[in-house]
Amino acid sequence: RDSLRLVGICLLLKALLTAAALIGAWVVPFNEVIYRSNLVLPLDPALPAWMQPFNTWDTQHYLLLSRFGYGVNPMSNAFFPLYPYLIWLVTPLVGGHGLPAAWIVANLCALAIPVYLYRICRRYWSRDLAFRAAVCQLLLPTAFYFSVGYSEPIFLAVCLATLDAILAGDRLRGLVFCILLPLARAQALMFMVPVLLLAMRS
């Protein structure tokens, strides 16, 4: 029940953030100069213009990798493959459009973050404290990164899923998530130390 409440709160916040982004793009003129300076993949012509603000910065690199793979753009080669691969898998399900696929993947993974955090905190704290900890995570000032086409929600979801699996003693599930971690972001290499210590303790 608490997990469903957390998912509901997360969906509400995402709806508000998306509305704020769309209103902001309508009120404040879109900066084409800055956009073009980072442009590596133009907006899909079949998509409406209002989606253009969601196709900026790192999102373009992930979309390019999902379509063309590595080696096309040297700057894009710095990004890790898990997110582009997930975008590639989901793209056929949304009419072949990468940007909606990237948004769906990121936001679905983001829904798992408060649930896994709650499950981990519940092992040590009361139900109320665990729930409040998960809500506080949703209210972080930088939590908006979990609502756009970036790899942060994928990485954090896999991190928490790894910890949850190890603490539950499910070594097979933990192993799978440990394999996925370094495919998401380079920071996973630092995460391996606490994971190994937890695995040894369990």
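State all residues of region 139-151 that are free of Cβ contacts under 8 Å to residues at least 12 places away in the same chain and either in a helix (DSSP H, G or I) or in contact with a Lys or Arg (Cβ under 6 Å, 6 or more places away or on another chain) (or both); if no residue qualifies, say none. Residues satisfying the conditions are P141, T142, Y145. Looking at Y85, Y150, just one residue is in contact with an Asp or Glu (Cβ under 7 Å, 6 or more places away or on another chain) and surrounded by fewer than 23 Cβ atoms within 10 Å (Cβ to Cβ), and that residue is Y150. Scanning region 1-54 for residues that are free of Cβ contacts under 8 Å to residues at least 12 places away in the same chain and of a type in the set (V, I, T) yields I23, V27, V28, V33, I34. Considering region 20-34, and only residues there that are part of a helix (DSSP H, G or I) and more than 21 Å from A101 (Cβ to Cβ), the residue that is least open to solvent (accessible area, probe 1.4 Å) turns out to be G24. Applying the criterion of being without any contact (Cβ under 8 Å) to a residue 12 or more places away in the chain and hydrophobic (A, V, I, L, M, F, W, C) to the residues of region 153-193, the residue that is least open to solvent (accessible area, probe 1.4 Å) is A168. Taken together, L17, L6, L39 contain a single residue that is surrounded by 14 or more Cβ atoms within 10 Å (Cβ to Cβ) and at pLDDT below 90, which is L17. Quick check, is V105 surrounded by 14 or more Cβ atoms within 10 Å (Cβ to Cβ), in contact with a helix residue (DSSP H, G or I) (Cβ under 7 Å, 6 or more places away or on another chain), over 30 Å from R201 (Cα atoms) and free of Cβ contacts under 8 Å to residues at least 40 places away in the same chain? Here the answer is no, as V105 does not meet what is asked.
Against the conditions (1) more than 23 Å from T59 (Cα to Cα); (2) assigned to a helix (DSSP H, G or I); (3) open to solvent by 70 Å² or more (accessible area, probe 1.4 Å), I120 satisfies every one except (3). Only one entry in S37, S3, S66 is small (G, A, S) and either under 14 Å from A102 (Cα atoms) or in a loop (DSSP other than H, G, I, E, B) (or both), namely S66.
The values are calculated or read from the model by the stated rules, or taken from the named source; none is laboratory data. Everything numeric here is computed off the predicted structure, so don't read it as measured data. Quick reminder, even Gly has a Cβ in these numbers, built from the backbone with ideal geometry, and neighbours come from all protein chains shown. We work out accessible area using only protein heavy atoms, side chains counted, and drop any ligands, DNA or RNA first. Shrake-Rupley method; radii C 1.70, N 1.55, O 1.52, S 1.80 Å.
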